[in-house]
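Enquirer: Sharing a structure with you now.
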Amino acid sequence: MSRKIGRREFVARGAKAGIASLLAGEFLARVPGGLWASPAGSAPDVAVAVGTDPGAAAVKAVELAGGMARFIKKGAKVALLPNVQSRHPGTHTQPEIFRAAVKMCREAGAAEIAVLSLLTPQHSEAAGLSRVALEEGVEIKHIPADAGLYRNVPVPRALLFKEASVPVEFFNYDAYINMPITKDHAGNRFTGALKNQMGLNSRASNRFFHKPNWKTDPADVEHMEVCIVDLNLIFNPALSLVDATEVITTNGPMGPGELLKPGKVIAGWDRVAVDACCAKILGLEPREILSIRMAAERGLGEIDLKKLRVEEVRV
């Protein structure tokens, strides 16, 4: 189930919502215990589930992290942010992980669940998400590039990227779940939870991230990485649920590329820790990925997995 939202509907709904809950200052209070608090009970900081069934692994990872009700409160309106950038194997969030997230949100008492996408319906269909959305009765809201459908949001403490362009529709939700796939990426060699936030910034605005030689010039690569961290200063997902079941290790982010099949799904509310874990899965050193290192240095999370509880279970 998917549709495009028209400008008139966006403006009307945005006027009712106002500047709402998902930007950093206000949304931080919605994360259980705040960003730096220890997870409730005996839950680990980062939960990893391994298995041949992506949906079952997603459920197990979230259960290990404390359960969806720890991240999504009863009655909340929840937006999901999967990656549907490409149709090739190992480049997009697995449909069954998406299905599992929908079901877990419903079980937690979510009042509304929808997908927000700045890409086209064809992207969602090619990645297999449109079929699951239809089966689960979830709307995929494809947001056109019309500038009137976006709101300019200043980025406090930004080094390079001073103002984001956020869909007005985003402000109608109480919480959102970041659902990237971790994989190879041209230039910076890695993408995961931090970079997936670009899916909440207009495609026109995202062009600022890409200098002419962003794939090859170290200075241009650094520019992109700094912008990614800047953007993360204003967003706080309730949960990052990352697909590492089948991922490309070359020719990212679009593929096709060489496939690695770790069979893992990672869950956690600390994006830096989650990305550090994902980097390890891809055989990379987290501190060598500039966006992860800078995000840690700027207070967005913990890069040193030895300081955290990372638990892995087999499904």
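The values are calculated or read from the model by the stated rules, or taken from the named source; none is laboratory data. A quick note: this is a predicted structure, and the numbers were derived from the prediction, not measured. Positions of Cβ are generated from backbone atoms using ideal geometry, with glycine treated the same way; all protein chains shown enter the neighbour counts. Side chains are part of the model used for accessible areas, which takes the heavy atoms of the whole protein and leaves out ligands, DNA and RNA. Shrake-Rupley method; radii C 1.70, N 1.55, O 1.52, S 1.80 Å.
Enquirer: Take every Cα pair under 8 Å in the chain that's 6+ residues apart, average their separations, divide by the length, and report that relative contact order as a whole percent.
Expert: Numbers: 734 pairs, mean separation 78.3, N = 315.
So the answer I get is 25 percent.
Enquirer: Between the stretch 136-193 and the stretch 71-117, what is the C-alpha centre distance in whole Å?
Expert: 14 Å
Enquirer: Spin-label point model (7 Å from Cα, Cβ direction): what's the THR120 to LYS215 distance in nm?
Expert: For the pair THR120/LYS215, the computed spacing is 2.1 nm.
Enquirer: Out of the total accessible area of the chain (probe 1.4 Å, heavy atoms of protein only), what percent is carbon and sulfur?
Expert: Numbers: 6440 of 12510 Å².
Whole-percent figure for carbon plus sulfur exposure: 51.
Enquirer: Go through 257-263, 80-86, 272-278 and give me the packing order, highest mean Cβ count within 10 Å leading.
Expert: Sorting 257-263, 80-86, 272-278 by mean packing, highest first, produces 272-278, 80-86, 257-263.
Enquirer: Right, next: Counting only heavy atoms of protein chains, what accessible area per residue, in Å², does the stretch 256-315 have with a probe of 1.4 Å? Each step should come with its number before you reach the end.
Expert: Details: 2790 Å² over 60 residues.
Result: 46 Å² of accessible area for each residue.
Enquirer: Something else: With every protein chain present, what is the per residue accessible area of the stretch 79-178 (1.4 Å probe, Å²)? Provide the component values of the computation, followed by the final result.
Expert: Details: 3590 Å² over 100 residues.
With all protein chains present, the stretch 79-178 gives 36 Å² per residue.
Enquirer: Cross-link partners among lysines for LYS162, C-alpha distance below 24 Å, same-chain residues fewer than 8 apart left out?
Expert: LYS162 reaches LYS195, LYS211, LYS215.
Enquirer: Calculate the FRET efficiency for GLU285 and ALA56 from the Cβ-Cβ distance with a Förster distance of 41 Å, rounded to the nearest 0.05.
Expert: Values: r = 30 Å, r/R0 = 0.74.
Efficiency, rounded to the nearest 0.05: 0.85.
Enquirer: For the chain, what are the DSSP H helices with axial Cα length of 27 Å or more and mean Kyte-Doolittle hydropathy of at least 1.0? Mind showing how you got there, number by number?
Expert: On the way: long enough: none.
Span-like helices in the chain: none at all.
Enquirer: Quote the relative contact order of the stretch 127-234 in percent (integer), defining contacts as alpha-carbon pairs under 8 Å separated by 6+ residues.
Expert: Values: 131 pairs, mean separation 29.6, N = 108.
Value for the stretch 127-234: 27 percent.
Enquirer: Grab the DSSP H runs of the chain that are 4 residues or longer, score each as -39,500 (n - 2.57), total them, divide by all residues and round the 222 nm result to the nearest 500 deg cm²/dmol. Don't skip to the end; give the middle numbers.
Expert: Numbers: 10 runs with 91 residues, N = 315.
Calculated from helices alone, the mean residue ellipticity at 222 nm is -8000 deg cm²/dmol.
Enquirer: Which loop-located chymotrypsin sites (Phe, Trp or Tyr not before Pro) does the stretch 35-110 contain, where loop means any DSSP state but H, G, I, E or B and the Cβ has at most 13 other Cβ atoms within 10 Å?
Expert: Numbers: sites: TRP36, PHE71, PHE98; in loops: TRP36, PHE71.
Listed in order of number, the matching sites are TRP36.
Enquirer: With a ≥ b ≥ c taken as the square roots of the eigenvalues of the C-alpha gyration tensor of the stretch 92-217, please select rounded if a/c is under 1.5 and otherwise prolate if a/b is larger than b/c or oblate if it is not?
Expert: On the way: a/c = 1.88, a/b = 1.43, b/c = 1.31.
Taking the square roots of the gyration eigenvalues as a ≥ b ≥ c, the stretch 92-217 is prolate.
Enquirer: Roughly what % antiparallel, to the nearest 5, for the DSSP beta bridges in the chain? Walk me through the numbers on the way to the answer.
Expert: Details: 18 of 42 bridges.
About 45 percent, rounded to the nearest 5.
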